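The values are calculated or read from the model by the stated rules, or taken from the named source; none is laboratory data. Since we're looking at a predicted model, the values are computed, not measured. Neighbour counts run over all protein chains shown; Cβ positions are idealised from the backbone, glycine included. Accessible surface areas use protein heavy atoms only, side chains included; no ligands, DNA or RNA. Shrake-Rupley method; radii C 1.70, N 1.55, O 1.52, S 1.80 Å.
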Amino acid sequence: MKGKVAVILAMFAVVGFLFVPNSSSATNLIIAVGQEPTSIDQSLVYLGADYIAVENWGERLLQQIPSGELAPGLATSWKVSPDGKTIEFALRKGVKFHNGDPLTVKDIIFSFDRAREKNNTQKARLRLVEKIEVIDDYNFKIHFKAPDVTFLPLQGNPMIVSKSYYDKVGEDTFKREPVGTGPYKVVNYVPGEYIDIERFADYWGEKPPAEKVRFLFISEDMTRVSKLKAGEVDFISSVPYTAVRDLEKTKGIKLVKSAGGHPTPLIQFATGNSKVPWHDPRVRLAMAKAINYDAIIKNILFDIPQRYAVLAPYEIGYDPDLKPYSYDPKKAKELLAEAGYPKGFDLKFYYLMTGRAPMIRETVEAIAAYFGEIGIRTELVGEDAAAFNARRRAARGPDASFVGLDSNGAMAGGVDPCHFVNFMFHTNMAFSVYSNPKFDEYMDQARSTMDDKARGDLARKALRALYDDVGGIPIYSTVPIYGMKDNLDFKPIKKYPFDTVHVLNISVK
């Protein structure tokens, strides 16, 4: 391992990057992140890792402050009806988009319509929205087909865009040159390399300390670390756990740990094809029992991640009777034999190479080795976000044979189990390749149940159905770690569903 790292560091020392602006100043920051957004148009982002940069120029009706609490955003107030089927919002007056357009209710309607038309993730999130009733230019009501307990915790998705700007420039320019209402505006984007943002002088809220910021896209974990140590970047996300002890001892560098629990690297199975081995839940359980999770966490991940059966103890719907799948290779072999695979089988195992969870390559290599010990001969296929998600979207039919690990998977640590676990497992949801009618039924009821206790009871039933059927295999729940020069401080948002870097929450000493 040390030899490989040395080679990688030597290569980057020679090649370097074409552009390195003045770093370590109060007005310029370079931030290296592990994944490039799938789109810089805030209405089209759909992966958790997309938000790490985009939320600096895109905003929603509500926002979460570092404590994790909801606070006014583009809406200054909201009122939920007693039956939960309408929410009335008052828009903040005087808000401008980065091109100078004023924010009004027409932009809210356009943003919701565009999200549902262009973005399958947002379409799923907004599927209970029936209509938007306009009261005047700054007041409106959202009517729901049924109460949606996830709408407010998700800050009243989606991020808001300008209808007037779209009408002026059209689709192509709108996607390439986004304008938002956030504290920063996009000034330059080089796909595959970086995006430059600048402080927006007419921002309605608190002004961030950094005037200019570059987000560098560096997928290789140790390259981000080496650039921080060399002083070539000021801040990195997704610090690999192998580097934590070294960085803690490095003069001039500090680490900030986020709240644990999200994301959860998660093995998903396309279960609709009766001809594949994992159509049988005994095979899925065998695969779950083949993995030595504790060894992965201890020996590869330095005992930093946490592990839960599904949810963390502090979450609505947590069931203390559900225990994480145990490592039992003997039982795994017995289950394979019972299912008709005494000699195992060949498996093509896809994984999302980039994302928010560090050290995914090492994790999947360990999983493949454990599968091999029970006779599952595993070929690893790493893919970028676009390819992985295209493959997963195509894996819902009766001929699908997909098994893959999503490094951005959602289990513990989300805003509500009725949203994120739903997204990964509910039939035909954005990221699901699995179907379980019992799970769907309980989760649908839970999502429209306003009372927390009753919703928790329904969520427990849904998650028990998922767990018993081995609908997926959560590997561990990450603890996001950020590295930075010691003249910076950063307040990550607690209980936030995405690993994001709000530059507004970075302070410069």
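Okay, here's what the table says:
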quantity	calculated
Which numbered condition SER507 fails, given (1) within 30 Å of HIS426 (Cα to Cα); (2) open to solvent by 10 Å² or more (accessible area, probe 1.4 Å); (3) among the small types (Gly, Ala, Ser)	(1)
The range 297-309, subset out of contact with any Gly (no Cβ under 8 Å at 6 or more places or on another chain), in contact (Cβ under 8 Å) with a residue 24 or more places away in the chain and open to solvent by 20 Å² or more (accessible area, probe 1.4 Å), residue nearest to ALA459 (Cα to Cα)	ARG307
Residues that are of a type in the set (Lys, Arg) and either farther than 26 Å from HIS419 by Cα or in contact with a strand residue (DSSP E or B) (Cβ under 8 Å, 6 or more places away or on another chain) (or both), drawn from the range 454-490	LYS485
Flag if GLY456 is on the phi > 0 side of the Ramachandran plot and open to solvent by less than 20 Å² (accessible area, probe 1.4 Å)	no
Of all residues in the range 329-359 being of a type in the set (D, E, K, R) and part of a strand (DSSP E or B), the one that is most open to solvent (accessible area, probe 1.4 Å)	ASP346
Long-range neighbours under 6 Å by Cβ, at least six apart or interchain, first residue more than 30 Å from GLY372 (Cβ to Cβ) within the range 310-336, second outside any loop (DSSP other than H, G, I, E, B) and hydrophobic (A, V, I, L, M, F, W, C)	GLY317/ALA459
Any pair with Cβ under 8 angstrom, 6 or more apart, that starts in the range 268-279 at a residue that is under 13 Å from ILE473 (Cβ atoms) and ends at one that is outside any loop (DSSP other than H, G, I, E, B) and among the aliphatic types (A, V, I, L, M)	GLN268/VAL403; GLN268/LEU405; GLN268/MET424; PHE269/VAL403; TRP278/MET287; TRP278/VAL403
SER81 vs. criteria out of contact with any strand residue (DSSP E or B) (no Cβ under 7 Å at 6 or more places or on another chain), over 22 Å from SER39 (Cα atoms) and of a type in the set (Ser, Thr, Tyr)	yes
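Yes or no, residue by residue, for (1) acidic (Asp, Glu); (2) in a loop (DSSP other than H, G, I, E, B); (3) touching a Ser or Thr at 6+ places or on another chain (Cβ under 9 Å); (4) surrounded by 20 or more Cβ atoms within 10 Å (Cβ to Cβ):
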site: ALA90; (1), (2), (3), (4): no, no, yes, no
site: ILE108; (1), (2), (3), (4): no, no, no, yes
site: GLU117; (1), (2), (3), (4): yes, no, no, no
site: GLN122; (1), (2), (3), (4): no, no, yes, yes
site: ILE135; (1), (2), (3), (4): no, no, no, no
site: ASP148; (1), (2), (3), (4): yes, yes, yes, yes
site: GLN155; (1), (2), (3), (4): no, yes, no, yes
